[in-house]
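Colleague: Dumping the structure here so I can ask a few things about it.
The values are calculated or read from the model by the stated rules, or taken from the named source; none is laboratory data. A quick note: this is a predicted structure, and the numbers were derived from the prediction, not measured. FYI the Cβ positions are ideal-geometry reconstructions off the backbone, even for glycines, and counts take in every protein chain you see. Heads up: the accessible areas ignore ligands, DNA and RNA and are worked out on the full protein's heavy atoms, side chains in. Shrake-Rupley method; radii C 1.70, N 1.55, O 1.52, S 1.80 Å.
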Amino acid sequence: MNQRELAKALKVAVEAAGGAGALMRKNLREEKKANLVVQHDIKLELDVRCQQLIEKHLLKSFPEVSVLGEEGVSGDPNAQYRWVIDPIDGTVNFAYGIPHACVSIALQEFKGPSRLDAGYQSIVGVVYDPFCDEMWTAIRGKAALLNNKAIKVSKRAKLAEAVISLGFSKHHAGLSKMLPKFQDLAHKVRKIRVMGAAALDLVYVATGRYDGYLESGLRLWDIAAGGLILECAGGEFWNEPLPGDHYFQIAATNGLLRKKLTGTLK
Ligand code: IPD
């Protein structure tokens, strides 16, 4: 895609995220219908409705681009270009009326060699927090923006001064991996935060609010947009595929804390 097409993709993704975000805002304090409830996760009827709304808007401008979303796939997910969508990231927060959740939309391009996730690169990223009305955007190679103003990662290089976010996956293996990290890091950093919306964790690192974020066992749609925004803000997005469909472990840092944090997951 050329720069003009990328700018159009960003505009359309921002509009789609704004539309889904408005629906989330309207429903935050309402009774919500759950399609599925398991021990550590909830899937809402609103997740599906938000994805449909986003897809409809994206497909109007880019009918040839397929969609790989938390709530389903349309078109060929291994095509040259694909949208990767988490319609509501932080669903459990949202379901409980906690206003810390967001919409995450990335446009990915196939770079090869393999058609696995590692063969794709995010080229456009949008994360929208409808409760704070904060819209993060990025196009690969350009500055990351928050509400149209450039952002940068923090300059903190000491763990003792760092605020680190930890994510606790909905799966047993991820939980078991992260719990000892909590115990270890809690004694070394200024504060640990566990907020429950991976895409917001990533853009908070990009904005310099957090200095790092670690999680094991999250999915591609949780990280595809936020990872790009972080890199465009000067941060480092270490990620490693895990067995299973679109599973990852990640260490998002301001770069200065890379060695101290990324090593803890390897
Ligand atoms: C979840 C959230 C949560 C993270 C989980 C994700 P969802 O995404 O981002 O913070 O810990 O690993 O799956 O299900 O709310 O879109």
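Colleague: Is one or more of the residues making up the range 16-25 within 16 Å of the ligand (Cβ to nearest atom) and either free of Cβ contacts under 8 Å to residues at least 40 places away in the same chain or surrounded by fewer than 17 Cβ atoms within 10 Å (Cβ to Cβ) (or both)?
Modeller: Residues of the range 16-25 that are within 16 Å of the ligand (Cβ to nearest atom), as a first pass: 17, 20-21, 23-24.
Pick out the ones that are also either free of Cβ contacts under 8 Å to residues at least 40 places away in the same chain or surrounded by fewer than 17 Cβ atoms within 10 Å (Cβ to Cβ) (or both) and you get 23.
Yes: one or more hits.
Colleague: Considering only residues that are away from the ligand (no atom under 15 Å from the Cβ) and either closer than 29 Å to residue 173 by Cβ or polar (S, T, N, Q) (or both), which ones fall in the range 30-67?
Modeller: Within the range 30-67, 52, 61, 66, 67 meet the criteria.
Colleague: Hey, another quick one. Looking only at residues in the range 133-146 that are over 17 Å from residue 252 (Cβ atoms) and either of a type outside the set (Gly, Ala, Ser) or out of contact with any helix residue (DSSP H, G or I) (no Cβ under 7 Å at 6 or more places or on another chain) (or both), which one is surrounded by the most Cβ atoms within 10 Å (Cβ to Cβ)?
Modeller: The qualifying residue surrounded by the most Cβ atoms within 10 Å (Cβ to Cβ) is 137.
Colleague: Now for a different question. Do we have residue 222 as of a type in the set (D, E, K, R), open to solvent by less than 10 Å² (accessible area, probe 1.4 Å) and either in contact with a His (Cβ under 8 Å, 6 or more places away or on another chain) or under 30 Å from residue 114 (Cβ atoms) (or both) here?
Modeller: Spelling it out, it is not the case that residue 222 is of a type in the set (D, E, K, R), open to solvent by less than 10 Å² (accessible area, probe 1.4 Å) and either in contact with a His (Cβ under 8 Å, 6 or more places away or on another chain) or under 30 Å from residue 114 (Cβ atoms) (or both).
Colleague: Then there's this: Return a yes/no flag: does the range 232-239 have any residue that is surrounded by 24 or more Cβ atoms within 10 Å (Cβ to Cβ), among the charged types (D, E, K, R) and at pLDDT 95 or above.
Modeller: So far as the range 232-239 goes, no, none of its residues is surrounded by 24 or more Cβ atoms within 10 Å (Cβ to Cβ), among the charged types (D, E, K, R) and at pLDDT 95 or above.
Colleague: Next up: Are there any pairs, at least 6 apart or on different chains, whose C-beta atoms fall under 6 Å, with the first in the range 189-200 and open to solvent by 30 Å² or more (accessible area, probe 1.4 Å) and the second within 14 Å of the ligand (Cβ to nearest atom), and if so, which?
Modeller: Between residues of the range 189-200 that are open to solvent by 30 Å² or more (accessible area, probe 1.4 Å) and residues that are within 14 Å of the ligand (Cβ to nearest atom), the close pairs are 193/165; 194/166; 195/100; 196/90; 196/93.
Colleague: Being surrounded by 18 or more Cβ atoms within 10 Å (Cβ to Cβ), more than 12 Å from the ligand (Cβ to nearest atom) and either within 19 Å of the chain's Cα centre (by Cα) or at pLDDT 95 or above (or both) is the filter here; which residues of the range 147-184 pass it?
Modeller: The answer is 151, 153, 154, 156, 162, 163, 164.
Colleague: Do we have any residue at all in the range 111-118 that's within 16 Å of the ligand (Cβ to nearest atom), open to solvent by 60 Å² or more (accessible area, probe 1.4 Å) and either within 28 Å of residue 206 (Cα to Cα) or not hydroxyl-bearing (Ser, Thr, Tyr) (or both)? So that I can check it myself, show each step before the final result.
Modeller: First, the residues of the range 111-118 that are within 16 Å of the ligand (Cβ to nearest atom): 117.
Of the ones still in play, those that are also open to solvent by 60 Å² or more (accessible area, probe 1.4 Å) are none.
For the range 111-118, residues within 16 Å of the ligand (Cβ to nearest atom), open to solvent by 60 Å² or more (accessible area, probe 1.4 Å) and either within 28 Å of residue 206 (Cα to Cα) or not hydroxyl-bearing (Ser, Thr, Tyr) (or both): absent.
Colleague: For the range 205-216, how many residues are within 12 Å of the ligand (Cβ to nearest atom) and either closer than 19 Å to residue 82 by Cα or open to solvent by 10 Å² or more (accessible area, probe 1.4 Å) (or both)?
Modeller: So the answer is 1.
Colleague: A follow-up question, please. Suppose the filter is within 15 Å of the chain's Cα centre (by Cα) and not β-branched (Val, Ile, Thr); does residue 141 pass it? Spell out the reasoning first.
Modeller: Numbers: within 15 Å of the chain's Cα centre (by Cα): no; not β-branched (Val, Ile, Thr): yes.
Judged against the criteria, residue 141 is not a match.
Colleague: Oh, and also: Among what's in the range 29-78 and is open to solvent by 90 Å² or more (accessible area, probe 1.4 Å) and polar (S, T, N, Q), pick the residue that is farthest from residue 1 (Cα to Cα).
Modeller: Let us first name the residues in the range 29-78 that are open to solvent by 90 Å² or more (accessible area, probe 1.4 Å), namely 29-31, 33, 37, 39-40, 49, 52, 56, 60, 63-64.
Now narrow it down to the ones that are polar (S, T, N, Q): 39, 52.
Details: 39: 42, 52: 25 Å.
Applying the filter and picking the extreme gives 39.
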